[in-house]
Amino acid sequence: MNPVTVALVNDYDVVVRGVDAMLRPHVDRVRVVELDIGTEPSSPVDVALYDTFAQAQADADDIDALVANPMTGKVVVYSWNTQPALVRKALERGCAGYVAKSATAEELVRALERVAAGETVTPGTLDMEASAQQVAAGAAPDDDHGRWPGQEHGLSAREAEILGLITQGLTNDDIAARAYLSINTVKSYIRSAYAKIGVTRRPQAVRWGMEHGMLPTKGRELR
């Protein structure tokens, strides 16, 4: 059986390369053929994996162009935000799958295979048997869930996402709506992120973000 061909879609180079590295050990089952940073796939693929890091969520109009692109085949959303209403809206917009970023690499690969085969996969239908088997065997589940800007400075994925949105110029209210978080949770992430990067004011955070890869980029890498 030929491996599922995949395009990785996000506005941050480090994010798509992190997911690429996560999938690379499974190249016999899933083959990444295109990295799309701030652009859409230009080659025909079975599945386009849309990473929502610092992006519009799948209930926004932004996803429509990706779903309508004849090159993408099926669209799978890859996100920390798995609220049932958000997942439902993604499917209503034409996405064929929705995978939580807490999934292991094996679980993500299995989800991509199932979507390519014509199934609809959501966090509720993607069983976590790989993690369960690892735990039963006494091993910790795979904790490699990709990469993100600022990770080397101690920022968590959520802190980095919030800082990326600040660097893009979004207000706290805008960030809460974009990231599906309460305003108090956003403020908490801001405080912890600021402490880690050594800033106290928003203009300082924006400058730090601009100097450390927190702005979206654009480019394409074909394999």
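The values are calculated or read from the model by the stated rules, or taken from the named source; none is laboratory data. This is a predicted model, so every value here is computed, not measured. Methodologically, a virtual Cβ is constructed for each residue, glycine included, from the backbone with ideal geometry; neighbour enumeration extends over all protein chains shown. Areas reflect the complete protein model, heavy atoms only, side chains present, ligands, DNA and RNA absent. Shrake-Rupley method; radii C 1.70, N 1.55, O 1.52, S 1.80 Å.
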Residues of the range 1-36 being part of a strand (DSSP E or B) and within 12 Å of the chain's Cα centre (by Cα), which ones?
8, 9, 10
Cβ pairs under 9 Å, 6+ apart or interchain, first in the range 1-30 and in contact (Cβ under 8 Å) with a residue 40 or more places away in the chain and among the hydrophobic types (A, V, I, L, M, F, W, C), second open to solvent by 40 Å² or more (accessible area, probe 1.4 Å) and part of a strand (DSSP E or B), ordered by first then second residue, are 4/31; 6/31; 23/31
Within the range 41-56, residues in contact with a helix residue (DSSP H, G or I) (Cβ under 6 Å, 6 or more places away or on another chain), assigned to a loop (DSSP other than H, G, I, E, B) and not aliphatic (A, V, I, L, M) come out as 46, 53
Give me the pairs, please: first residue somewhere in the range 110-135 and modelled with pLDDT under 80, second residue anywhere and in a helix (DSSP H, G or I), beta-carbon distance under 6 Å, and either six or more positions apart or on two chains.
126/111; 130/106; 130/107
Residues of the range 159-194 being more than 19 Å from residue 59 (Cα to Cα), touching a residue at least 12 places away in the same chain (Cβ under 8 Å), open to solvent by 30 Å² or more (accessible area, probe 1.4 Å) and part of a helix (DSSP H, G or I), which ones?
172, 187, 189, 192
Within the range 195-223, tally of residues that are not charged (D, E, K, R) and not in a loop (DSSP other than H, G, I, E, B):
11
Exactly one of 9, 67 is open to solvent by 10 Å² or more (accessible area, probe 1.4 Å), modelled with pLDDT of 95 or more, of a type in the set (Val, Ile, Thr) and more than 25 Å from residue 166 (Cα to Cα), and that one is 67
Could you tell me which numbered condition residue 63 fails, if it satisfies all but one of (1) in contact (Cβ under 8 Å) with a residue 60 or more places away in the chain; (2) among the β-branched types (Val, Ile, Thr); (3) part of a helix (DSSP H, G or I)?
(1)
